[in-house]
Every structure is written in structure tokens, then in C-alpha cells.
Amino acid sequence: MTIELSHLPAVDVHCHPFLDPGEMSVERFVDAFSFSGGGVPFMTAGGLPHDQALIDEVQGVRRNALYHRYAIRQLARFFGCAPVLAEVVAARNAASRDYANYTKALYGACGLATLVTDFGYP
């Protein structure tokens, strides 16, 4: 039996405050979109040695994570572009020039009605 839930509002039960990050490169988008562990700031703060080969490997792992690939397809549908990372980032950059309306449109597209915000980070 399937239960239809698409008419119900969504609630994000754990999120953090965010500000308009401005235009993003593909690499910066991937870093911001992915969980932070393993990124350059994480490695630097932890005193871990890292070179460009390791940074490229981490980027590759992040870009191939299932949740990331799924999100790129969903964002491509939202923006009306091909599900290609560079195209999604370009469309995001164009849409986010009016950041308030961009976030409002994203929330509306997924039915997000409420945010339960954790102000402990950053």
C-alpha cells in the first residue's frame, strides 16, 4: 500500500543559519554542499598533510556520493538545465543573484514550511 504524502508540508528538524555565500565555483559548491569532514579546512585545522592529489580525491569522492548525485539531478530539474554539475552551479549562481527569492523558490519547490534551527554552529 502506498501513502501519498506530497501534499504535506515538510519540516527541516535540524538546520543551521546560513547567509548568502555569493557566486560559487564548482569546487566551492561541492565543498559547501557536502559534509565538511575531510575537506581542506578540516585537514588544515587538524594539522593533516594534504596535497593537490588528496584534495582532488576528496572532491571526486564527494561528487560521486549518492546523495550528491541525486541532489544534482533534483536541482537540474528545479533550474531546468542538464543534470551536469557545472550547469547546475551556473544556474544556481544566476538564480541566487536575488537570494531571498531564490531561497523562497527552493523552499516552495519542496514544500518546506518550517525550520528548526540549531544556532550552535557556526
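The values are calculated or read from the model by the stated rules, or taken from the named source; none is laboratory data. Since we're looking at a predicted model, the values are computed, not measured. Note: ideal-geometry Cβ built from the backbone for every residue, glycine included; neighbour counts use all protein chains shown.
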### Query
Residues that are within 26 Å of Val11 (Cα to Cα) and touching a residue at least 12 places away in the same chain (Cβ under 8 Å): which helices (runs of 4 or more DSSP H) entirely in the range 23-107 hold 2 or more of them?
26-33, 66-79, 85-95
## Note on the structure
Scanning the range 14-45 residue by residue, the ones that are under 12 Å from Val58 (Cα atoms) and either β-branched (Val, Ile, Thr) or within 11 Å of the chain's Cα centre (by Cα) (or both) total 5
### Task
Filter the range 9-22 down to the residues that are part of a loop (DSSP other than H, G, I, E, B) and exposed (fewer than 10 other Cβ atoms within 10 Å of the Cβ), then identify the one that is modelled with the lowest pLDDT.
Leu19
## Note on the structure
Exactly one of Gly60, Gly22, Gly111, Gly80 is under 23 Å from Tyr121 (Cβ atoms) and among the small types (Gly, Ala, Ser), and that one is Gly22
### Query
Can you name the number of the only condition in (1) among the hydrophobic types (A, V, I, L, M, F, W, C); (2) over 15 Å from Ala32 (Cα atoms); (3) at pLDDT below 95 that Ala65 fails?
(2)
### Among (1) in contact with a Gly (Cβ under 6 Å, 6 or more places away or on another chain); (2) surrounded by fewer than 10 Cβ atoms within 10 Å (Cβ to Cβ) - the single one Val58 does not satisfy
(2)
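Residues checked against (1) surrounded by 14 or more Cβ atoms within 10 Å (Cβ to Cβ); (2) within 26 Å of Ser6 (Cα to Cα):
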residue: Phe29; (1), (2): yes, no
residue: Leu75; (1), (2): yes, yes
residue: Ala95; (1), (2): yes, yes
residue: Ala109; (1), (2): no, yes
### Message
When the residues of the range 38-53 are narrowed to those that are loosely packed, with under 11 Cβ neighbours inside 10 Å and closer than 25 Å to Ala90 by Cα, which ends up modelled with the lowest pLDDT?
### Response
Pro41
#### Entry: Checking Thr2 against (1) within 27 Å of Tyr121 (Cα to Cα); (2) among the β-branched types (Val, Ile, Thr); (3) in a loop (DSSP other than H, G, I, E, B), the condition it does not meet
(1)
